Amino acid sequence: MIAVDTARFTVAVFQDVAWAQKGVQALQQAGFPPESLTIIAKDAPDVATLIQQSLGASGARLELAAVGTALVHGPMVEALQGPDSDLTRFGLAASMRKVGFQSHDGRIFEVLTGRGGVLVAIRTEPRAADALAILHSYGGGNAAIGAWTGRL
């Protein structure tokens, strides 16, 4: 059995940086702190700017299977890069199990991010429904709350 991180994440993929920026700003206006947010997207100057302006940090460059070179920052990246999971080796599809998503959910996030989408995740179990509503309202596709803790 694979250990699943007890921290739950709400995840959505935006079609581009402009939509992701609107979604992230709405989350922050609703009181979600920057340190609870994660951004994962293909490496591009506008993604670097989004991470810097929204999260106050530089994104790390990682080579992700099925995505390519990505800029990443946030607590979900740390959760996916643990002893039971290697985000850089297995990619999003296989690693998302660690934060409560089934492999097929991870595959959808991986394909959309690989096509240029911007994955935004929020670590906040008590307000997961609020985060989900905001992500949907601002164009976050395939938005979902990670909750699966089944056996593998």
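Just a few scattered comments:
- Relative to its residue count, the stretch 9-145 spans a Cα convex hull of 87 Å³ per residue.
- Gaussian network model of the chain, Cα within-10 Å springs - most flexible of PRO34, PRO126, PRO75: PRO126
- Among ILE40, ILE122, ILE134: highest mean-square fluctuation, GNM of the chain, C-alpha pairs under 10 Å: ILE134
- Residue with peak Gaussian network fluctuation, the chain [Cα springs, cutoff 10 Å], from HIS104, HIS136, HIS73: HIS104
Rule-based calculations on the coordinates, nothing more; no lab input. Quick caveat: nothing in here was measured; it's all calculated off a predicted structure.
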